[in-house]
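A short write-up of the structure that comes next.
The values are calculated or read from the model by the stated rules, or taken from the named source; none is laboratory data. All values derive from a computational prediction rather than experimental measurement. Glycine also receives a Cβ, built like all others from the backbone with ideal geometry; neighbour counts cover every protein chain displayed. Heavy atoms of the whole protein, side chains included, go into the accessibility calculation; ligands, DNA and RNA do not. Shrake-Rupley method; radii C 1.70, N 1.55, O 1.52, S 1.80 Å.
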Amino acid sequence: MTALTRRQNNTTNRITRLALLTAIALTIFMVEAQIPSPVPLPGVKLGLANIVTVWVMFTYGARDAGMVLTARIFLGAVFSGQMSTILYSGGGGLLAWLVLILMKKVVGKGQIWLASPISALFHNLGQLLVASAVMKTWAVMAYLPYLVLSGVISGFFTGWCAQFLLGRLDGSKKYS
């Protein structure tokens, strides 16, 4: 097998892997969108699709996690028919992704459960900053305490799930 063929196979494997991970995250996102929120505040949800993003960040790296996140946000907006999702999820997702990159350097694979709630907090902050810009008022920041609490709780849950996946699927990288 030539070097070019090997590189093409690696590229094909990577694209296929990212497409499957995006499909998993998108499916989780769409199913969760159908479940009524237990808390009557806008924007409060578990964010289960973020399990995939966090897992990809710690397993494959920032570039792949960013691609899965971006594709999931865009396709989620298209499939749900809520194009404003691109703004809010995009702003929150970008900030959370940047924080995850930093957290990956600080904590190891054994502390994903710690990186995820911090990332979730910044996701909520990013969404509120976008909402403030769209609505041209800082009044939406009144939601911050509620979103901090829900972000920490959901972040611990999604981080724990990503941590569990990493432990169960450790070694999946060498087979891709």
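The figures follow:
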| read-out | value |
| --- | --- |
| Qualifying residue in the range 77-87 (condition: at pLDDT 95 or above and touching a Phe, Trp or Tyr at 6+ places or on another chain (Cβ under 7 Å)) | no |
| Failed item, numbered, when Leu41 is tested on (1) modelled with pLDDT under 90; (2) assigned to a helix (DSSP H, G or I); (3) open to solvent by less than 60 Å² (accessible area, probe 1.4 Å) | (2) |
| Residue check for Thr53: closer than 23 Å to Leu144 by Cβ, in contact (Cβ under 8 Å) with a residue 40 or more places away in the chain and polar (S, T, N, Q) | yes |
| Count of the range 56-70 residues which are assigned to a helix (DSSP H, G or I), open to solvent by 20 Å² or more (accessible area, probe 1.4 Å) and not basic (Lys, Arg) | 3 |
| Filter result for Leu149 (part of a helix (DSSP H, G or I) and under 18 Å from Ile51 (Cβ atoms)) | no |
| Unique match (being surrounded by fewer than 15 Cβ atoms within 10 Å (Cβ to Cβ), in contact (Cβ under 8 Å) with a residue 12 or more places away in the chain and more than 13 Å from the chain's Cα centre (by Cα)) among Phe79, Phe164 | Phe79 |
| Residue check, Ile118 open to solvent by less than 30 Å² (accessible area, probe 1.4 Å) and among the β-branched types (Val, Ile, Thr) | no |
| Enumeration of residues in the range 85-109 that are in contact (Cβ under 8 Å) with a residue 40 or more places away in the chain and surrounded by fewer than 18 Cβ atoms within 10 Å (Cβ to Cβ) | Leu87, Ile101, Lys109 |
| Test set (1) in contact with a Ser or Thr (Cβ under 7 Å, 6 or more places away or on another chain); (2) open to solvent by 80 Å² or more (accessible area, probe 1.4 Å) - Pro36 fails condition number | (1) |
| Filter result (touching a Ser or Thr at 6+ places or on another chain (Cβ under 9 Å), farther than 19 Å from Leu94 by Cβ and aliphatic (A, V, I, L, M)) within the range 130-150 | Ala139 |
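Here is a yes/no grid of residues against (1) in a helix (DSSP H, G or I); (2) among the hydroxyl-bearing types (Ser, Thr, Tyr); (3) closer than 17 Å to Leu46 by Cα; (4) at pLDDT 95 or above:
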{"position": "Arg72", "(1), (2), (3), (4)": "yes, no, yes, yes"}
{"position": "Lys104", "(1), (2), (3), (4)": "yes, no, no, no"}
{"position": "Gly110", "(1), (2), (3), (4)": "yes, no, no, no"}
{"position": "Trp113", "(1), (2), (3), (4)": "yes, no, yes, no"}
